[in-house]
Amino acid sequence: GTATDQGDVAESYATNRLLGSNTPISALKSFTGHTLGACGALEAVVAINMMNEGWFHGTANLGNVDPNCAELDYLDSTGRKIKTDCIMSNNFAFGGINTSLIFVKAE
């Protein structure tokens, strides 16, 4: 997301409602900063790589989750091994330019 309090809370509740509270979630922008027009493409490549490698980066400097955010499996900065056949990458920008990409592992 845009790393705003309101946006992060809304994204957490939407993810929880759609995918459930056990859904792992992390933020690549915590490592790269906002890459503006490149963020969607960069995050898509990283998401596919994480799915294929079975290792998910965490969120840099995540100490405490905002208590206003929904219950999810927030990944801290150490990352984690996760085996999955699909992954979702969300990009929400100022001005309502929003995308959610879902990738499924090729057989």
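Figures for the structure shown
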read-out	value
Residue list for the range 67-78, filter: surrounded by fewer than 13 Cβ atoms within 10 Å (Cβ to Cβ) and either of a type in the set (S, T, N, Q) or within 24 Å of LEU36 (Cα to Cα) (or both)	ASN68, THR78
Residue in the range 1-19 that is modelled with the lowest pLDDT, counting only those that are among the small types (Gly, Ala, Ser) and either surrounded by 15 or more Cβ atoms within 10 Å (Cβ to Cβ) or in a helix (DSSP H, G or I) (or both)	GLY1
Residue among THR99, THR84, THR78, THR59 that is in a strand (DSSP E or B) and not aromatic (Phe, Trp, Tyr)	THR99
Of the criteria (1) assigned to a loop (DSSP other than H, G, I, E, B); (2) without any contact (Cβ under 8 Å) to a residue 60 or more places away in the chain; (3) in contact with an Asp or Glu (Cβ under 8 Å, 6 or more places away or on another chain), which one SER89 fails	(1)
Leading residue by the ranking (nearest to the chain's Cα centre (by Cα)) among those in the range 34-43 that are under 18 Å from THR59 (Cβ atoms) and in a helix (DSSP H, G or I)	GLU43
Residue within the range 23-30 that is of a type in the set (Ser, Thr, Tyr) and surrounded by fewer than 18 Cβ atoms within 10 Å (Cβ to Cβ) present	yes
Among (1) touching a residue at least 12 places away in the same chain (Cβ under 8 Å); (2) under 29 Å from GLU107 (Cα atoms) - the single one PHE31 does not satisfy	(2)
Single residue of the range 92-107 satisfying the filter (surrounded by 11 or more Cβ atoms within 10 Å (Cβ to Cβ) and touching a residue at least 24 places away in the same chain (Cβ under 8 Å)) that is farthest from THR35 (Cα to Cα)	LYS105
Sole exception among (1) under 29 Å from GLU107 (Cα atoms); (2) of a type in the set (D, E, K, R); (3) buried (at least 16 other Cβ atoms within 10 Å of the Cβ) for LYS81, by number	(3)
Residue in the range 47-66 that is nearest to LYS105 (Cα to Cα), counting only those that are modelled with pLDDT under 95 and surrounded by fewer than 18 Cβ atoms within 10 Å (Cβ to Cβ)	ALA60
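The values are calculated or read from the model by the stated rules, or taken from the named source; none is laboratory data. Everything numeric here is computed off the predicted structure, so don't read it as measured data. Neighbour counts run over all protein chains shown; Cβ positions are idealised from the backbone, glycine included.
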